[in-house]
């Protein structure tokens, strides 16, 4: 059975996005793991796994995209009428538009 684009991204990209947002919250904004977990609505153990690359290991190294992740982390922290779902979708659209996800071979008509 052929996977839908969203299903593929769910299993392959979503953990990397969450990992990078958690990393930004801790490293760029000084949140502890518990605070980052609360903002991301996940367990602190998940944040620990993201930070130690045991979950959501990311190969994202595009500087402009990492800047977008930092923007998303800040918006979520400051509750600027956004949440993790909206920001994840926004980041996914940017990745698809830029062709940054190397294994993503499915053409999507937005």
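The values are calculated or read from the model by the stated rules, or taken from the named source; none is laboratory data. It should be emphasised that the depicted structure is a prediction, and the values quoted were computed from it without experimental measurement. Reconstructed Cβ throughout: ideal geometry from the backbone, glycine too, with neighbour counts over all protein chains shown.
Per the conditions (1) in a helix (DSSP H, G or I); (2) closer than 10 Å to residue 20 by Cβ, the sole criterion not satisfied by residue 87 is (2). Residue count for segment 3-22 satisfying the condition of being assigned to a helix (DSSP H, G or I) and touching a helix residue (DSSP H, G or I) at 6+ places or on another chain (Cβ under 7 Å): 8. Taken together, 51, 31 contain a single residue that is in contact (Cβ under 8 Å) with a residue 24 or more places away in the chain, under 14 Å from the mean Cα position of the chain (by Cα) and surrounded by 12 or more Cβ atoms within 10 Å (Cβ to Cβ), which is 51. Does residue 108 satisfy the condition of being modelled with pLDDT under 85 and either assigned to a helix (DSSP H, G or I) or at positive phi (or both)? Against the criterion (modelled with pLDDT under 85 and either assigned to a helix (DSSP H, G or I) or at positive phi (or both)), residue 108 does not qualify.
Screening residue 25 with (1) more than 16 Å from the chain's Cα centre (by Cα); (2) crowded, with 16+ Cβ neighbours inside 10 Å; (3) in a helix (DSSP H, G or I) gives one miss only, at (1).
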